[in-house]
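Novice: Can you read through this structure? Questions will come right after.
Just so it is clear, none of the values below were taken in a lab; they were calculated from the coordinates. Not measured: the values here are computed from a predicted model. Quick reminder, even Gly has a Cβ in these numbers, built from the backbone with ideal geometry, and neighbours come from all protein chains shown.
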Ligand code: HEM
């Protein structure tokens, strides 16, 4: 497994652990009310689990298992995938923080979403050349690394 996939899966598991813990607290709160402010964590729960866990796990595994074509760099343009890794985690954290409201909430949410969109773009550009069947001529052959 390439190093980037290792780090993406590790980060995704951290998001999973935090997201499930928050979910468990909210679930408990539904039956045995703790404090109304518990519902502030709902947005964090959704962000961590939908993007931090599910999406990041898919990205990490895709980077690992998508075809590696002969005559090209083994995993493609790897720095773009590292950029996506940084952007998705930064974006998820900022967007989750915005769930608390306050004066900076709107700016945080906007910035978080911009980072997440950047992650999607960087990852799509990185993985695109690998999305083809084995034996299909690659458009920009480079030496294998
Ligand atoms: C991959 C796993 C999960 C995902 C993607 C996920 C996603 C979501 C989403 C999107 C919502 C908002 C639903 C809505 O507003 O209609 C939600 C609500 C909630 N989730 Fe999760 N969740 C996951 C796992 C869990 C787990 C494991 C727990 C509990 C241990 C949990 C507890 C809750 C609770 C209590 C709510 C609030 C439900 C309500 O509005 O009454 N979630 N979750």
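Novice: Counting only residues that are in contact (Cβ under 8 Å) with a residue 12 or more places away in the chain, under 19 Å from residue 91 (Cα atoms) and surrounded by fewer than 17 Cβ atoms within 10 Å (Cβ to Cβ), how many does region 21-53 have?
Specialist: Residues flagged as in contact (Cβ under 8 Å) with a residue 12 or more places away in the chain, under 19 Å from residue 91 (Cα atoms) and surrounded by fewer than 17 Cβ atoms within 10 Å (Cβ to Cβ) within region 21-53 amount to 2.
Novice: Another question about this same structure. Just to check your reading of the model, which residue among 60, 76, 86, 90 is under 16 Å from residue 18 (Cα atoms) and free of Cβ contacts under 8 Å to residues at least 60 places away in the same chain?
Specialist: Matching residue, one of 60, 76, 86, 90: 90.
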